Amino acid sequence: MSTEPVTVVARRVLDDRGDGAVRLGAGRAHGKAILLGEHAVVYGAPALAVPVPQLTAVAKARRVGGDGPDEISFAIAGLESPEVTSLPTDGLQHLVTEFRQRAAVTEPMRVDVLVDCAIPQGRGLGSSAACARAAVLALADAFDRRLDAGTVFDLVQTSENVAHGRASGIDALATGATAPLIFRNGVGRELPVAMAGSARLSDPAGFDAVLVIADSGVSGSTRDAVELLRGAFERSPRTRDEFVSRVTRLTEAAAHDLLQGRVADFGARLTENHRLLRDVGVSTDRIDRMVDAAVAAGSPGAKISGGGLGGCMIALAGDRRESAAVVRGVRQAGAVRTWVVPMGRFAGHDD
Ligand code: PMV
């Protein structure tokens, strides 16, 4: 559980008055980082993302049975920026309405949901989608509903569309994925990427690298960044077409590199994708400096990740020693915290 202070958004603890059984439900999800393809994915390009298993959102739902009007409350713990607490909460309220319909809940919804979110907000790490996914799974558990993957995705998207405007869906999927995934036009496919030394998976060579994620300490707004590009692309459809086709080529090639264990080639494509994102105006000076510092410290490639206008940078690192040098370099360039993330499959959260 997060040790960060609890921000109570709207909380009423249900009084069960002895008129119904109490049922508990639990759900979990994790953060994500986009490797290539952000923004272009909104216009039909593919994007590659990895789950970030060490950043989790855990939800608990406490449902009281019996008759009575609906009483639904949410508490979000672990949020850092009080000014944006209303965004996921608005989304979560929509999600409850949708949940009632999709899960065919006819009984009164008397439920408290507590989401403990260790994923920093506004950093392109999937905080809002992970909170929504954890909440959906906890509600389903508390109401004894088994939701298929498509329904869970749709419900998370309901919340994401409120939080971010029209979301591509990559966050909704990646926050429940257990391996790197490629996503295009609403459809995602997990890639059988083996970490080096893993005999279990199909590629014996493995992908011999880890990912360093570095927080610039500046909150970005995905909604603002998507709007910025929408305006620019409306003024210049040619810029949009070039951006989308270049990113498409890079992302498709990078997916092959990932499967073939070609770390250096994959890294070069990351840095090239960064240049394209910087040129359309969604990077920041600090993140540009962090990208340069990562490459100077020996990283095969680095880029901004997610919506931008702040947020995080990602850098590839060949091994633990290289990742330590990259971490030192990006911290000197202004990163306020870092995470080192595996690039292969990890155990799921579906328990
Ligand atoms: O949530 P973020 O900041 O990682 O951004 C998601 C990626 C975008 O392509 C910028 C938006 C989207 O809906 O795909």
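A few points about this structure:
- Residue in the range 23-46 that is open to solvent by 70 Å² or more (accessible area, probe 1.4 Å), touching a His at 6+ places or on another chain (Cβ under 6 Å) and either modelled with pLDDT of 85 or more or of a type in the set (Asp, Glu) (or both) present: yes
- Test result for residue 291, of a type in the set (A, V, I, L, M) and under 15 Å from residue 41 (Cα atoms): no
- Given (1) on the phi > 0 side of the Ramachandran plot; (2) modelled with pLDDT of 90 or more, index of the condition residue 175 fails: (1)
- Test: residue in the range 285-302 that is free of Cβ contacts under 8 Å to residues at least 40 places away in the same chain, farther than 24 Å from residue 321 by Cα, part of a helix (DSSP H, G or I) and not charged (D, E, K, R): no
- Of the residues making up the range 302-329, those that are surrounded by fewer than 21 Cβ atoms within 10 Å (Cβ to Cβ) and either under 16 Å from the mean Cα position of the chain (by Cα) or small (Gly, Ala, Ser) (or both) are 318, 324, 325.
The values are calculated or read from the model by the stated rules, or taken from the named source; none is laboratory data. Model, not experiment: these values are computed from the prediction. Cβ atoms come from the backbone with ideal geometry, glycine included; neighbour counts cover every protein chain shown. SASA here: full protein model, heavy atoms, side chains in, ligands and nucleic acids out. Shrake-Rupley method; radii C 1.70, N 1.55, O 1.52, S 1.80 Å.
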